[in-house]
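The values are calculated or read from the model by the stated rules, or taken from the named source; none is laboratory data. Only a predicted model underlies this, so the values are computations on that prediction, with no experimental measurement involved. No Cβ is skipped: glycine too gets one built from the backbone with ideal geometry, and neighbour counts run over all protein chains shown.
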Amino acid sequence: MGDYRGRKIPEGVSYDLGYHVWAKVEGGLVSVGATDPAQQYAGEIIHLGIKKVGTRLERGAILATIESAKYMGPMRSPVTGTVAEVNAEVSKKPSLVNRDAYLNWVARVTPEKLDEDMAALTPGPAALDKYKPIIDEWEIEASGKTG
């Protein structure tokens with residue numbers, strides 16, 4: 001697992017660095033969630049409005065809306081497809097994303113253009129290098145505080 005200034009960037013995950021979401025292919029579905037740097041920057045997540053099962057999304061479309069201490073806005077889908085599953089626990093208690101951004105996925109999507117979409121994402125080892133200046137810019141510290 002990659003780590004920079006206390007922020008985790010796991011290797012077995014692909015990242016959309018523009019949207020600050022991760023994607024992991026698991027059994028024909030793509031699990032999607034917020035990255036560790038993004039959740040840390042946002043602060044405690046107090047509300048997640050996740051699209052319903054059956055909703056079709058293009059890559060970049062809004063998968064969920066996030067409300068936190070410092071951020072209110074969209075979480076975008078890193079893949080084109082249909083929402084197959086919503087994480088009910090995260091929906092009820094959004095702060096679980098703050099505890100472990102990679103264990104507490106937000107939704108699972110049945111992909112339509114898996115190879116194409118995954119090719120547009122950045123794999124873990126490369127993402128760590130690309131996230132370093134973002135983490136520096138956001139002034140995220142290992143203690144969990146931001147500047």
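Might you let me know whether the range 40-54 holds any residue that is in contact with a helix residue (DSSP H, G or I) (Cβ under 8 Å, 6 or more places away or on another chain), among the acidic types (Asp, Glu) and either without any contact (Cβ under 8 Å) to a residue 60 or more places away in the chain or surrounded by fewer than 22 Cβ atoms within 10 Å (Cβ to Cβ) (or both)?
Yes: one or more hits.
Quick check, is residue 82 in a strand (DSSP E or B), in contact with a strand residue (DSSP E or B) (Cβ under 7 Å, 6 or more places away or on another chain), modelled with pLDDT of 95 or more and under 14 Å from residue 25 (Cβ atoms)? Give the derivation first.
Values: in a strand (DSSP E or B): yes; in contact with a strand residue (DSSP E or B) (Cβ under 7 Å, 6 or more places away or on another chain): yes; modelled with pLDDT of 95 or more: yes; under 14 Å from residue 25 (Cβ atoms): no.
For residue 82, the condition - in a strand (DSSP E or B), in contact with a strand residue (DSSP E or B) (Cβ under 7 Å, 6 or more places away or on another chain), modelled with pLDDT of 95 or more and under 14 Å from residue 25 (Cβ atoms) - is not met.
Mind listing whichever residues of the range 68-99 are of a type outside the set (A, V, I, L, M), farther than 26 Å from residue 113 by Cα and free of Cβ contacts under 8 Å to residues at least 24 places away in the same chain?
Looking only at the range 68-99, we keep the residues that are of a type outside the set (A, V, I, L, M), and these are 68, 70-71, 73-74, 76-78, 80-82, 85, 87, 89, 91-95, 98-99.
Keeping just the survivors that are farther than 26 Å from residue 113 by Cα gives 68, 70-71, 89, 91-95, 98-99.
Correct list: 89, 92, 93, 99.
One line per residue, one yes/no per condition, for (1) hydrophobic (A, V, I, L, M, F, W, C); (2) at pLDDT 95 or above; (3) outside any strand (DSSP E or B):
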position: 3; (1), (2), (3): no, no, no
position: 18; (1), (2), (3): no, no, yes
position: 59; (1), (2), (3): no, yes, yes
position: 78; (1), (2), (3): no, yes, yes
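Tell me which residues, restricted to the range 20-41, are within 12 Å of the chain's Cα centre (by Cα) and in a helix (DSSP H, G or I).
Once the filter is applied, which keeps residues that are within 12 Å of the chain's Cα centre (by Cα) and in a helix (DSSP H, G or I), the range 20-41 yields 36, 37, 38, 39, 40.
Among the candidates 95, 77, which residue alone is touching a Lys or Arg at 6+ places or on another chain (Cβ under 7 Å), closer than 25 Å to residue 140 by Cα and small (Gly, Ala, Ser)?
None of the others qualify; the one that does is 77.
Quick one: residue 53 ticks every box in (1) assigned to a strand (DSSP E or B); (2) farther than 23 Å from residue 140 by Cα; (3) among the hydrophobic types (A, V, I, L, M, F, W, C) bar one, so which box is it?
All conditions pass for residue 53, except number (1).
When the range 86-103 is examined, which residues are found to be of a type outside the set (Val, Ile, Thr), surrounded by 15 or more Cβ atoms within 10 Å (Cβ to Cβ) and within 22 Å of residue 56 (Cα to Cα)?
87, 91
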